[in-house]
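The values are calculated or read from the model by the stated rules, or taken from the named source; none is laboratory data. None of these values were measured; they are calculated from a predicted model. Please note: Cβ atoms are built from the backbone with ideal geometry, for glycine as well, and neighbour counts cover all protein chains shown.
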Amino acid sequence: MSIKTLIEQRISCNYFDPEHTLGDADIKELVRLATLAPSAYNGQNWRFIAVQSASAKQNLLKHAYGQGKVADAAVSFIVCGRLDLHTGLAQALAPSVSAGILKPELAENMLHYANEAYHNQPQRQRDEAIRSASLAAMTLMLAAQGMGLASCPMTGFDATGVAEEFELSAEEIPVMLITVGKSAANNWPQKPRKTLNEVLDFA
Ligand SMILES: Cc1cc2nc3c(=O)[nH]c(=O)nc-3n(C[C@H](O)[C@H](O)[C@H](O)COP(=O)(O)O)c2cc1C
């Protein structure tokens, strides 16, 4: 299926088939594809928690304001953004240096600039964590669509509660939940969008 078709067919699914499950291989494939999303400096400042066991789903539901889809869907991913992009960057870039894609001097420069940009800059760290995790979340949803699965992005959850329940580190924020599974009946179609005239300017 073309990317155009996948985009045109995706909807935020509210009702999932509670009998449907996903195996670890499919979950890993979804996350593998999500990690092909871009991130600042290729810092990959994200982590994914695949909430799939019945007990973990109930724990997530407690913090999701009663949104039952986190229990019905086969899996709900807690897409976490990391605030420590700059301190984790050397490790993130090492494979690109080893593969000869990045010259060591360029990698050093990138570390320098990333440190200048993010060290002691909590607002920038948070912005970047949310951007990177959001791009990964969107990529994950399109990957799910490509695998014939439905998804729903969610920020309707208590971030503090989720962080505590799933033991996120101080450097991680739960940016978004992405529920993934098999669509059940009675979901909305894709909703109309604003016209291009309203949202597009040429400059
Ligand atoms: C940042 C964000 C947060 C959202 N949070 C929720 C949510 O908590 N619960 C929910 O049912 N849908 C949530 N949605 C889904 C939106 O309601 C949905 O994307 C929007 O209505 C457009 O519909 P569509 O995705 O089917 O095209 C969220 C979407 C985004 C992008």
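A few comments on the model shown:
- From the list Ser134, Ser183, the lone residue that is under 12 Å from the mean Cα position of the chain (by Cα), hydroxyl-bearing (Ser, Thr, Tyr) and within 23 Å of Gln9 (Cβ to Cβ) is Ser134.
- Scan of segment 35-70 for residues that are closer than 21 Å to His86 by Cα and out of contact with any Cys (no Cβ under 8 Å at 6 or more places or on another chain), ordered by number: Thr35, Leu36, Ala37, Pro38, Ser39, Ala40, Tyr41, Asn42, Gly43, Gln44, Asn45
Residues are listed down the side, and each one gets a yes or a no for (1) outside any loop (DSSP other than H, G, I, E, B); (2) of a type outside the set (D, E, K, R):
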{"position": "Ala92", "(1), (2)": "yes, yes"}
{"position": "Ile101", "(1), (2)": "no, yes"}
{"position": "Glu105", "(1), (2)": "yes, no"}
{"position": "Asn109", "(1), (2)": "yes, yes"}
{"position": "Asn120", "(1), (2)": "no, yes"}
{"position": "Gln125", "(1), (2)": "yes, yes"}
{"position": "Ser134", "(1), (2)": "yes, yes"}
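- Conditions (1) modelled with pLDDT of 95 or more; (2) outside any strand (DSSP E or B); number of the one not met by Gly81: (2)
- Complete set of residues in segment 135-161 that are more than 12 Å from the ligand (Cβ to nearest atom) and among the β-branched types (Val, Ile, Thr): Thr139, Thr160
- Residue among Arg131, Arg126 that is farther than 21 Å from Ala64 by Cα, basic (Lys, Arg), in contact (Cβ under 8 Å) with a residue 24 or more places away in the chain and more than 14 Å from the ligand (Cβ to nearest atom): Arg126
- Answer residue from segment 95-120, given it is touching a Leu at 6+ places or on another chain (Cβ under 7 Å) and hydroxyl-bearing (Ser, Thr, Tyr) and is surrounded by the most Cβ atoms within 10 Å (Cβ to Cβ) among those: Tyr118
- Answer residue from segment 177-197, given it is of a type in the set (S, T, N, Q) and surrounded by fewer than 18 Cβ atoms within 10 Å (Cβ to Cβ) and is nearest to the ligand (Cβ to nearest atom) among those: Gln190
- Hits in segment 19-34 (condition: touching a residue at least 60 places away in the same chain (Cβ under 8 Å) and either loosely packed, with under 12 Cβ neighbours inside 10 Å or away from the ligand (no atom under 16 Å from the Cβ) (or both)): His20, Leu22, Asp26, Glu29, Leu30, Val31, Leu33
- Residue match in segment 57-71 (condition: at pLDDT 95 or above, touching an Asp or Glu at 6+ places or on another chain (Cβ under 9 Å), away from the ligand (no atom under 16 Å from the Cβ) and farther than 21 Å from Met147 by Cβ): yes
- Within segment 57-89, the residues that satisfy the criterion of being of a type in the set (A, V, I, L, M) and within 12 Å of Pro18 (Cα to Cα) are Val70, Ala71, Ala73, Ala74, Val75.
- Residue within segment 9-21 that is under 30 Å from Ala92 (Cα atoms) and either of a type outside the set (Gly, Ala, Ser) or in contact with a Gly (Cβ under 6 Å, 6 or more places away or on another chain) (or both) present: no
- Any chance Ala203 is more than 23 Å from the chain's Cα centre (by Cα), more than 14 Å from the ligand (Cβ to nearest atom) and touching a residue at least 12 places away in the same chain (Cβ under 8 Å): no
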